[in-house]
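These notes are about the structure you will find just below.
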Amino acid sequence: MRLLLKRKYTPRGSLGRLFLGQRQLCFIREAPKACFGSEFFCLDEGVYELEPIHSEAFGWQIRVGEKGLILARSADQVPKSFELCPVSCYRADGTPMFTRLAFRKLLDELGEYWGRGEILQLQIESKPIPYSLEKCQIQSCY
């Protein structure tokens, strides 16, 4: 089974929608693309295997490939490098809402597939950056 993350880049962060087939599961917020010069940055476009992980310190998270994570972050916490943070919706001012609920719903939804022994993948696609920032046209090497 393959999920699709369609996202767009902004200097303050990468915003996306996570789909299972034609159905949107949630919104996703991430750090900006590395070319924007931020301290933190998002995963590159590509296909990654998803795996549920649990620890006493952090609870449930979803591993994305070798270095990424899907996890709950409150609205006031900025996503760090390679973190995908689910969001149910946004306020008019852009503040994320119901972040822990969005993660819980996503984990429950995907848990059904893992319970049946299915392999889940995440495909990340991005809209082109709408203006000409030369270093953003080069593929990240992180």
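The values are calculated or read from the model by the stated rules, or taken from the named source; none is laboratory data. Note that the structure is a prediction, hence the values are computed from the model and not measured. A quick note on method: Cβ atoms are made from the backbone with ideal geometry, for glycine too, and the neighbour counts reach across all protein chains shown.
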Practice problem: Spot the failing condition for Leu4; the list is (1) assigned to a loop (DSSP other than H, G, I, E, B); (2) touching a residue at least 24 places away in the same chain (Cβ under 8 Å); (3) closer than 26 Å to Ile119 by Cα; (4) not hydroxyl-bearing (Ser, Thr, Tyr), and only one is missed. | Solution: (1)
Quiz item: Of all residues in segment 7-40, which are touching a Ser or Thr at 6+ places or on another chain (Cβ under 7 Å) and part of a loop (DSSP other than H, G, I, E, B)?
Solution: Ala31, Pro32, Lys33, Phe40
Self-check item: Hits in segment 47-58 - residues which are closer than 17 Å to Leu18 by Cα and out of contact with any Gly (no Cβ under 8 Å at 6 or more places or on another chain)
Solution: Val47, Leu50, Glu51
Exercise. Among what's in segment 124-139 and is among the aliphatic types (A, V, I, L, M) and at pLDDT 55 or above, pick the residue that is farthest from the chain's Cα centre (by Cα).
Key: Ile129
Exercise. Give the residue, chosen from Gln61, Gln121, Gln77, that is over 11 Å from the mean Cα position of the chain (by Cα), buried (at least 18 other Cβ atoms within 10 Å of the Cβ) and either modelled with pLDDT under 95 or part of a strand (DSSP E or B) (or both).
Key: Gln61
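Count, please, the residues in segment 41-58 that happen to be touching a helix residue (DSSP H, G or I) at 6+ places or on another chain (Cβ under 9 Å) and outside any strand (DSSP E or B).
In the first step, residues of segment 41-58 are kept if they are touching a helix residue (DSSP H, G or I) at 6+ places or on another chain (Cβ under 9 Å); the result is 41-42, 44, 50-52.
Still in the running and outside any strand (DSSP E or B): 41-42, 44.
Of the residues in segment 41-58, 3 are touching a helix residue (DSSP H, G or I) at 6+ places or on another chain (Cβ under 9 Å) and outside any strand (DSSP E or B).
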